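Chemist: Once you've had a glance at the structure underneath, I'll fire off some questions.
The values are calculated or read from the model by the stated rules, or taken from the named source; none is laboratory data. This is a predicted model, so every value here is computed, not measured. All Cβ positions, even for glycine, are placed from backbone atoms using ideal geometry, and neighbour counts span all protein chains on display.
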Amino acid sequence: MFELDKGLEIVELALKEDMPAGDLTTDAILSDQASSVSARVETREPCVVAGFPAVDKIVQYFPDVKLSVFHSDGD
């Protein structure tokens, strides 16, 4: 996979920086009561979807995150 490992290494460093104490920006925006967030990506025109292998790896850092993907990488 092209440069995936290098990109994930950078993401891992960023997550490790924020994980112990949390992210100050996120803490300022979200209340402690925020229990769930959902998102849906819709496009106006056909497009190619890419990046799911990286997203799958990143989501592993957050055991409470549930990810539903309805298309394959490259679709």
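Conditions tested, residue by residue: (1) at pLDDT 80 or above; (2) of a type in the set (Val, Ile, Thr); (3) part of a loop (DSSP other than H, G, I, E, B).
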{"residue": "Thr26", "(1), (2), (3)": "no, yes, no"}
{"residue": "Ala39", "(1), (2), (3)": "yes, no, yes"}
{"residue": "Val49", "(1), (2), (3)": "yes, yes, yes"}
{"residue": "Leu67", "(1), (2), (3)": "yes, no, yes"}
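Chemist: Could I ask something else about it? Using the structure shown, decide if Ser31 is outside any helix (DSSP H, G or I) and at pLDDT below 80.
Modeler: It is true that Ser31 is outside any helix (DSSP H, G or I) and at pLDDT below 80.
Chemist: Taking only pairs six or more apart or across chains, which ones have beta-carbon atoms under 8 Å, a first residue in the stretch 41-52 that is within 13 Å of Asp75 (Cβ to Cβ) and without any contact (Cβ under 8 Å) to a residue 40 or more places away in the chain, and a second residue that is part of a loop (DSSP other than H, G, I, E, B) and among the acidic types (Asp, Glu)?
Modeler: Hits for this filter: Val48/Asp75; Val49/Asp73; Val49/Asp75; Ala50/Asp73; Gly51/Asp73; Phe52/Asp73.
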